[in-house]
Every structure is written in C-alpha cells, then in structure tokens.
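**Q** First the structure, then my questions, so here it is.
The values are calculated or read from the model by the stated rules, or taken from the named source; none is laboratory data. Please read these numbers as outputs of a predicted model, since none were measured by experiment. We place every Cβ from the backbone using ideal geometry, glycine too, and count neighbours over all the protein chains shown.
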Amino acid sequence: MLYRKLERVMTVVDEGGLPMVIKEVYLFGSFLRDKQRPTDIDVLLIYDSDATLNLYESIGRKGDKHWRLWEMSRAPGKLRRCLKANAEKSVDLSICPSLEEYQRDLAYPMDIWLRIWTRQDRDWRIKLMDHFDHAVRAPLPQESPA
C-alpha cells in the first residue's frame, strides 16, 4: 500500500510541471528502516531555488522583470496538493532547498536517508530495491559467547 503511494508521488515528480522545480528526492524514517509495519513514508523534496524563481518571473510592458510573489509564496502548498491525494496522512512531505539545511533544522539527527531520484538519475525503483536488498543481505551481528 505505501509503495503504491510512493509510486504515485514519484510519477508526478518525474512528469514535472510542478509549481516548484525538484532537484532531488530523499526518503527517510521508518519506511527505510524496514520496520515491520511502517505507517507512513517520509519524503524530502529538494528544490532548485533559482529555477523555481524563474517559474514566477514575468516581463512587464516596459521590458522590466517582475516576480509573481503571491503565487510563488503559495508554491509549497500547491506542491503538496499535487503530490498528496486528499490530504492523506501516510505520505509526509518536507520541502527544502538542500539536505544540509533540512538536517540543520531538525531537533534530532536523521538516522537513515536515501536519495532515490535526481533530475539526471530518475530510476528510483532500482535505488529502493538496492537499499532493501542490501538490508536483507547485511550480516547479522555476532552473538557474544555465553
């Protein structure tokens, strides 16, 4: 069920045409930890601030540049509505200009994260399969002698 929701989100990101220009997509949290029954997927969208600003640029009658600031200020909310179906609670979206900035603002450090998509490398399914395949094949810790 969660995988299908992630697939829907990633299809929309991959198609583009969003109110913000996405550079990278990361997953983090319990879904990646291979928790028995994760209840949500934590998705971090890294946006290109310059390219996003250009989306809201317009040229005035005298040839001067203007930015549609009202529309631009609403872009994160519009992005969430594009990616989440009917305010679903099982997909948590965070939006930030960089992973470092996002981590700096956290109350506690991210214990696990995985970059699954960039504009140059869009094959997110392979990265996810590699992550879970590696997690399954990882050696178990040795028990200490009794």
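**Q** Looking at the stretch 16-41, which of the residues that are among the acidic types (D, E) and at pLDDT below 95 is farthest from C96 (Cα to Cα)?
**A** D34
**Q** Okay, next question. As an exercise: evaluate D130 against (1) in a loop (DSSP other than H, G, I, E, B); (2) at pLDDT below 95; (3) surrounded by fewer than 14 Cβ atoms within 10 Å (Cβ to Cβ) and give the number of the one condition it does not meet.
**A** (1)
**Q** Could you please give the count of residues in the stretch 1-32 that are surrounded by fewer than 16 Cβ atoms within 10 Å (Cβ to Cβ), of a type in the set (A, V, I, L, M, F, W, C) and assigned to a loop (DSSP other than H, G, I, E, B)?
**A** Residues meeting the conditions: 1.
**Q** While we're looking at this one, here's another question. Scan the stretch 31-47 residue by residue and report those that are of a type in the set (D, E) and under 13 Å from the mean Cα position of the chain (by Cα).
**A** Once the filter is applied, which keeps residues that are of a type in the set (D, E) and under 13 Å from the mean Cα position of the chain (by Cα), the stretch 31-47 yields only D42.
**Q** Would you say S58 is more than 16 Å from the chain's Cα centre (by Cα) and either more than 19 Å from I41 (Cβ to Cβ) or aliphatic (A, V, I, L, M) (or both)?
**A** For S58, the condition - more than 16 Å from the chain's Cα centre (by Cα) and either more than 19 Å from I41 (Cβ to Cβ) or aliphatic (A, V, I, L, M) (or both) - is met.
**Q** Right, another one. Restricting to the stretch 33-65, count the residues that are surrounded by 10 or more Cβ atoms within 10 Å (Cβ to Cβ) and either among the small types (G, A, S) or not in a helix (DSSP H, G or I) (or both).
**A** 19
**Q** Look at the stretch 81-110 and say how many of its residues are without any contact (Cβ under 8 Å) to a residue 12 or more places away in the chain and acidic (D, E).
**A** Selection size over the stretch 81-110: 3.
**Q** What number of residues within the stretch 66-106 are surrounded by fewer than 11 Cβ atoms within 10 Å (Cβ to Cβ) and part of a strand (DSSP E or B)?
**A** Final tally of qualifying residues: 1.
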